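To start, the structure under review is shown below, and the notes come after it.
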Amino acid sequence: NPDGWAWNERRWPRGGGMKRKNGLRTCSRRSADDQITDGVDLNRNFGFQWGYTQEAGSSGRGCDEEYRGAAAFSEPETRAVRDVMDAHAVRAVLHWH
């Protein structure tokens, strides 16, 4: 998430910060800590069971922290990952968080 990385670097230059959302304008409301809650949570923008239910960890509301985006792969960041995986016939990925 390049947008989140840059935001974290500006906000907490010595480390810390957990901005998961990209920089897409999705909301004009500020959160309790005076941060704009814009963006799509890129972890929730991939195609597998995208938007299956709101109770399953994502939201269709742009101001929510778990906003999944307008559609699966609606964001350039997730499309880029999908396209690289398709081009190289990747069969499995291990994410270490």
How many of the residues making up the stretch 52-97 are surrounded by fewer than 14 Cβ atoms within 10 Å (Cβ to Cβ) and among the β-branched types (Val, Ile, Thr)?
-> 4
Of all residues making up the stretch 54-97, the number that are more than 21 Å from Thr37 (Cβ to Cβ) and touching a helix residue (DSSP H, G or I) at 6+ places or on another chain (Cβ under 6 Å) = 1
Considering the stretch 8-56 alone, what residues qualify as being β-branched (Val, Ile, Thr) and either modelled with pLDDT of 80 or more or outside any loop (DSSP other than H, G, I, E, B) (or both)?
-> Thr26, Ile36, Val40
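The values are calculated or read from the model by the stated rules, or taken from the named source; none is laboratory data. Note that the structure is a prediction, hence the values are computed from the model and not measured. No Cβ is skipped: glycine too gets one built from the backbone with ideal geometry, and neighbour counts run over all protein chains shown.
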